[in-house]
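Below is one structure, written out as structure tokens; the observations come after it.
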Amino acid sequence: MSEKYIKYSFFTRTLLTIIGGKVINEMKSKSKDCKKASDKTLRHILTTSKDTVYGKEHHFEEILKAKTPEELAELYHKYVPINEYADLLPYIERHKNGEPDILFPGKPFLYATTSGTTKEPKWIPLTREYHKEVYGKMSLGWFWTLIHNKPKVFYRPGISIVGKAIEGKAPDGTLYGSISGYTFRDIPKFMLKLHTAPGDVFNIPDYKSRYYAIMRMGIERDTHIILTANPSTLVEMQSYANDYLDEFCEDIENGTLSGKYPMPDEIRKVLEEKLKPNPARASELRKLRERYGTLLPKHYWPNLQIVNVWFCGNAKLYYDKVRDSYPYDTVFHEFGYFATECRAGLVLKSNCPDTTLFCHKSHFEFVHESEIDNPNPKIYQAWELEEGKRYNMVVTTCAGLYRYNMNDLLEVTNHYNKFPQIKYVQKLNGVTTITGEKLHEDQFIEAVHAAEKITGKMAPFFVGFAEPHKSSYKYYYEFEDQYISMDEAEKFTVQVDLCLQEYNPEYKEKRGTGRLKQPETAILGPKAFERFKAACINRGYRDGQFKFNLLMQDEMRHALFKELVKS
């Protein structure tokens with residue numbers, strides 16, 4: 001390690017320790033009284049937005065007359081319904097078309113986009129306050145936790161995998177894109193050297209070229225940290241290291257970036273300016289392959305300190321696949337529970353799934369899993385949660401999401417002082433994800449109906465199941481034509497798959513890269529749904545409360561459908 005980098009690393013770690021430590025100390029102080037922190041947060045959000053269109057329509061000023069935290073929560077529940085994205089969409093559309101003071105004072109400075117329940121993505125508005133307080137300050141706290149758990153983590157640079165920062169503009173000119181990419185783009189200048197590649201690499205349109213560039217620049221370095229939400233990306237990076245090692249070595253030896261992989265000239269120029277001939281590293285990688293054959297991260301990154309990634313819910317399947325590929329003393333740090341709609345908290349300890357909720361930054365309410373289907377469920381406040389129990393989260397942020405239903409099943413694992421700590425279990429209500437595609441039930445239904453029109457084959461009943469262990473979906477159809485052949489049924493699934501790729505860009509990307517495999521097909525016998533429902537009722541489901549999603553991840557129900565397949 002050069003003396004110059006030692007000084008830079010020491011400066012960076014010292015600065016992150018100081019400013020990140022302030023963020024952690026604030027959270028530690030606020031967490032001593034969850035009720036007080038939650039009450040103060042909600043009052044601040046409602047006070048800020050009481051004169052907006054949404055605030056006036058939903059009586060924020062009346063709610064704020066509450067004298068106690070309990071009364072505030074009760075009035076908020078009374079006047080503001082639990083919202084799905086579709087409920088807030090009319091307000092968001094008004095913002096997109098240039099109207100201020102609709103959900104919050106002024107207009108969004110950015111929209112974070114994510115896959116929605118229709119062909120159109122969700123547009124999640126962001127305010128300056130939310131970006132500063134949650135993505136800004138709390139990210140500094142996140143870096144502090146990494147240093148606290150692995151002091152040498154920033155001795156050398158790391159690899160980050162984020163989305164494209166800016167993808168376009170709303171009708172009024174407001175930018176939209178990936179919040180992870182935007183945050184990466186605007187990191188403090190003193191942190192730029194902590195990354196093996198500049199942020200420009202994430203703007204490479206071609207997927208293969210993008211990952212080639214990321215790994216070409218990453219495998220050359222003595223990488224100390226990998227930051228990527230989905231562990232399926234780790235599997236892909238590992239494959240690239242072996243599939244393209246000859247090209248990597250040639251590029252590293254000559255200080256080049258292969259012209260085989262297309263990318264905009266301006267991006268190539270920025271990347272190539274960072275490259276210098278490094279024959280010693282190229283020789284080292286070739287010798288490693290001679291010694292080990294198939295290379296693993298523990299071979300070419302023996303000093304890797306931390307892999308920051310999800311390993312809860314479906315992600316655990318990919319985590320289990322790659323864990324032993326890394327150095328034995330590499331720490332796996334859970335990325336934590338967050339979504340485009342809300343960064344809900346921070347994981348304080350490595351090798352631990354517990355996300356400590358930011359009850360001093362956003363307001364959280366909960367519905368117990370036993371009441372998720374209840375149209376008027378009992379609402380629990382953050383200070384009322386019990387460890388070991390599972391809930392669906394409803395969030396309110398200073399970025400215009402009021403009582404927004406996250407549709408996620410979460411388990412309370414512990415407490416940090418009085419702030420609850422949670423871990424992600426699975427998606428709810430017809431939303432599944434295996435590698436981050438967030439496939440919605442509505443998209444699946446629309447795709448099947450489109451396939452009916454294309455093929456002329458009618459499927460009065462159908463159901464889809466996520467199979468994470470296979471990295472694929474399995475679709476079951478009860479066709480109108482009971483004599484349909486398996487070949488015809490599989491061609492039907494091909495059309496469904498193509499339609500889903502059209503409707504869901506993230507699904508298309510995962511299918512294109514092979515992270516999601518070709519979906520499988522099964523033909524159901526007659527009256528399949530009736531027989532399935534009967535089997536469920538025999539197992540204790542109440543007839544009057546029986547509800548059923550057409551797309552799910554549910555091993556028990558999937559097992560029942562396997563018994564209904566036509567022989």
Name the pairs: first residue in the stretch 525-550 and modelled with pLDDT of 75 or more, second residue small (G, A, S) and surrounded by 12 or more Cβ atoms within 10 Å (Cβ to Cβ), Cβ to Cβ under 6 Å, at least 6 apart or on different chains? N549/G430
Residue count, the stretch 302-314 (criterion: out of contact with any helix residue (DSSP H, G or I) (no Cβ under 8 Å at 6 or more places or on another chain) and either under 21 Å from I159 (Cβ atoms) or open to solvent by 70 Å² or more (accessible area, probe 1.4 Å) (or both)): 3
Checking T233 against (1) within 21 Å of S180 (Cα to Cα); (2) open to solvent by 50 Å² or more (accessible area, probe 1.4 Å); (3) polar (S, T, N, Q), which test does it fail? (2)
Search the stretch 48-74 for residues being touching a Gly at 6+ places or on another chain (Cβ under 8 Å) and in contact (Cβ under 8 Å) with a residue 40 or more places away in the chain, and hand back the single one that is farthest from P375 (Cα to Cα). S49
If we take the stretch 404-516, then helices (runs of 4 or more DSSP H) inside it with 2 or more residues that are of a type in the set (V, I, T) and over 21 Å from the mean Cα position of the chain (by Cα) are 441-455, 486-503
Please indicate, with yes or no, whether at least one residue in the stretch 143-151 is open to solvent by less than 10 Å² (accessible area, probe 1.4 Å) and free of Cβ contacts under 8 Å to residues at least 60 places away in the same chain. no
Determine, yes or no, whether K193 is over 23 Å from the mean Cα position of the chain (by Cα) and open to solvent by 40 Å² or more (accessible area, probe 1.4 Å). yes
Within the stretch 236-273, take every residue that is open to solvent by 20 Å² or more (accessible area, probe 1.4 Å) and among the aliphatic types (A, V, I, L, M) and give me the one that is farthest from K150 (Cα to Cα). M263
Of all residues in the stretch 466-499 being over 14 Å from E452 (Cβ atoms) and basic (K, R), the one that is most open to solvent (accessible area, probe 1.4 Å): K470
If we ask which residues in the stretch 517-536 are out of contact with any helix residue (DSSP H, G or I) (no Cβ under 9 Å at 6 or more places or on another chain), surrounded by 14 or more Cβ atoms within 10 Å (Cβ to Cβ) and assigned to a loop (DSSP other than H, G, I, E, B), their number turns out to be 0
Matching residues in the stretch 432-447 - criterion: being out of contact with any Asp or Glu (no Cβ under 7 Å at 6 or more places or on another chain) and either surrounded by fewer than 18 Cβ atoms within 10 Å (Cβ to Cβ) or modelled with pLDDT under 95 (or both): T432, T433, I434, T435, L439, H440, E441, D442, Q443, F444, I445, E446
Can we say H77 is buried (at least 19 other Cβ atoms within 10 Å of the Cβ), touching a residue at least 12 places away in the same chain (Cβ under 8 Å) and either more than 26 Å from D408 (Cβ to Cβ) or out of contact with any Ser or Thr (no Cβ under 7 Å at 6 or more places or on another chain) (or both)? no
Residues that are closer than 21 Å to G345 by Cα, at least 2 per element: which helices (runs of 4 or more DSSP H) completely within the stretch 59-154 meet that? 138-149
Hits in the stretch 1-51 (condition: modelled with pLDDT under 90, of a type outside the set (A, V, I, L, M), surrounded by fewer than 16 Cβ atoms within 10 Å (Cβ to Cβ) and in a helix (DSSP H, G or I)): E3, K4, Y5, K7, Y8, F10, F11, T14
Pick out the one residue from N376, N392 that is surrounded by fewer than 19 Cβ atoms within 10 Å (Cβ to Cβ) and either polar (S, T, N, Q) or closer than 30 Å to K96 by Cβ (or both). N376
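The values are calculated or read from the model by the stated rules, or taken from the named source; none is laboratory data. Everything numeric here is computed off the predicted structure, so don't read it as measured data. Cβ atoms come from the backbone with ideal geometry, glycine included; neighbour counts cover every protein chain shown. These area figures cover heavy atoms from the full protein model, side chains too; ligands, DNA and RNA do not enter into them. Shrake-Rupley method; radii C 1.70, N 1.55, O 1.52, S 1.80 Å.
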